Amino acid sequence: MGFLDGLFDKFRQGLKRTQDVVLAPMGRLLGLRRLDAAQLQELEDLLLQADLGVKAVDQLMDRLKSELKRGDIDPKAILKEELLKLLRQQPAAPFAARGTQVVLLVGVNGVGKTTTLGKLAAHLKARGEGVLVVAGDTFRAAAIDQLELWGERAGVPVIRNQMGGDPAAIAFDGAASAKAKGTPWVLIDTAGRLHTKDHLMKELDKIRRSLQKVIPEAPHRVLLVLDATTGQNGLVQAETFARVAGVTDLVLTKLDGSAKGGVVVPILERLKLPIAFVGVGEGVDDLIPFDPEAFVDGLLDV
Ligand code: GDP
């Protein structure tokens, strides 16, 4: 299956928990043509529970109220229009092969970085494009083993060095090998355990410098992986990461396990970075490009 097939179904499936827990009661309100003060309040509360964020919810409610002053409304159509405005502000650049492109994945442990890397490798490979995976988190044996499994499944080579080895050295080897062979994609896993900003910055700088000895423009993309189940609570940490790591795109994982699917909106607002992909499950097909239209349709399909 291609990246864009069945996107709406994937989003609907990914947003199921948000719908069941929070949005299902909204269906009745969205079917009304006039809403009284109590119904408006109920709608506002539900939107906040979905973690859309105070700013966006204020904006949505203002629009609904001003339309109501003029007569009957279609709340679903209005919400859809306003949400699309918010979500279209940061479109992601497509993942198109051009020479050898180096992609770094960054994020704290447990957010789904390794899984995302595996899914991305499998998709690029399924598109017929060569991929080299670099196990750059040299301290986590489990992460390296997991990457090797994904590599086997996807038919993609994985390079690693010994435990505790230098991530910058293995990144250099990966970039050099891909460049020599004309491999279009190098996907590099990085450590997520670094406690301090200084540590993180130093390690990523070192990786960056060694990549640039091989490919001056590298890394072409830096993906910050975020876990949707933490909702807005994870935003402060994400902001710090985004600042020190030179992040170009976001990946939001575990949307399927989260009842706070609306968090996409405050994430885009706060971080001002595009969401390239979202994770909607643990399977290889469960990484999908973020598509505002399919997302909003999935969210409001109640
Ligand atoms: P890492 O520590 O950041 O490398 O995280 P892992 O890739 O090991 O993932 C941590 C857990 O989250 C694993 O059990 C994954 O299967 C799970 N996971 C990752 N992405 C998703 C997703 O999109 N949906 C669901 N439901 N689980 C996911």
Residue within segment 159-172 that is over 24 Å from the mean Cα position of the chain (by Cα), charged (D, E, K, R) and either at pLDDT 90 or above or under 24 Å from Glu217 (Cα atoms) (or both) present: yes
Test set (1) in a helix (DSSP H, G or I); (2) modelled with pLDDT of 95 or more - Gly27 fails condition number: (2)
Residue identified as open to solvent by 10 Å² or more (accessible area, probe 1.4 Å), closer than 21 Å to Leu147 by Cβ and not in a strand (DSSP E or B) among Glu203, Glu217: Glu203
Some residue of segment 76-91 being among the small types (Gly, Ala, Ser), away from the ligand (no atom under 16 Å from the Cβ) and over 23 Å from the mean Cα position of the chain (by Cα): yes
Among residues of segment 139-148, those that are open to solvent by less than 70 Å² (accessible area, probe 1.4 Å) and either more than 16 Å from the ligand (Cβ to nearest atom) or aromatic (Phe, Trp, Tyr) (or both), counted: 0
Options Lys113, Lys119: the member that is closer than 19 Å to Ala168 by Cα and open to solvent by less than 50 Å² (accessible area, probe 1.4 Å): Lys113
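Out of Gly164, Gly174, Gly151, Gly136, report the one residue that is open to solvent by 10 Å² or more (accessible area, probe 1.4 Å) and of a type outside the set (D, E, K, R).
Going through Gly164, Gly174, Gly151, Gly136 in turn, just one is open to solvent by 10 Å² or more (accessible area, probe 1.4 Å) and of a type outside the set (D, E, K, R): Gly164.
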Extreme residue, nearest to Phe277 (Cα to Cα), among residues of segment 178-200 that are surrounded by fewer than 15 Cβ atoms within 10 Å (Cβ to Cβ) and within 16 Å of the ligand (Cβ to nearest atom): Arg193
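Any residue at all in segment 22-29 that's on the phi < 0 side of the Ramachandran plot, free of Cβ contacts under 8 Å to residues at least 12 places away in the same chain and not polar (S, T, N, Q)? Reasoning before the result, please.
Step one: of segment 22-29, the residues on the phi < 0 side of the Ramachandran plot are 22-29.
Adding the requirement that they be free of Cβ contacts under 8 Å to residues at least 12 places away in the same chain leaves 28.
With not polar (S, T, N, Q) added as a condition, the list becomes 28.
Checking segment 22-29: at least one residue is on the phi < 0 side of the Ramachandran plot, free of Cβ contacts under 8 Å to residues at least 12 places away in the same chain and not polar (S, T, N, Q).
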Members of segment 62-94 found to be in a loop (DSSP other than H, G, I, E, B) and out of contact with any strand residue (DSSP E or B) (no Cβ under 7 Å at 6 or more places or on another chain), listed by number: Lys69, Arg70, Gly71, Asp72, Ile73, Asp74, Arg88, Gln89, Gln90, Pro91, Ala93, Pro94
Complete set of residues in segment 254-302 that are of a type in the set (Asp, Glu), in contact with a Lys or Arg (Cβ under 7 Å, 6 or more places away or on another chain) and away from the ligand (no atom under 16 Å from the Cβ): Glu269, Asp301
Residue match in segment 227-236 (condition: crowded, with 19+ Cβ neighbours inside 10 Å, in a strand (DSSP E or B), within 16 Å of the ligand (Cβ to nearest atom) and under 14 Å from the mean Cα position of the chain (by Cα)): yes
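Name every residue in segment 237-265 that is among the hydroxyl-bearing types (Ser, Thr, Tyr) and surrounded by fewer than 20 Cβ atoms within 10 Å (Cβ to Cβ), in order of residue number.
Within segment 237-265, the subset among the hydroxyl-bearing types (Ser, Thr, Tyr) is 240, 248, 253, 258.
Correct list: Thr240, Thr248.
The values are calculated or read from the model by the stated rules, or taken from the named source; none is laboratory data. As the structure is a prediction and not an experimental result, all values here were calculated from the model. Don't worry about glycine lacking a Cβ; one is built from the backbone with ideal geometry, like all the others, and counts go over all protein chains shown. SASA here: full protein model, heavy atoms, side chains in, ligands and nucleic acids out. Shrake-Rupley method; radii C 1.70, N 1.55, O 1.52, S 1.80 Å.
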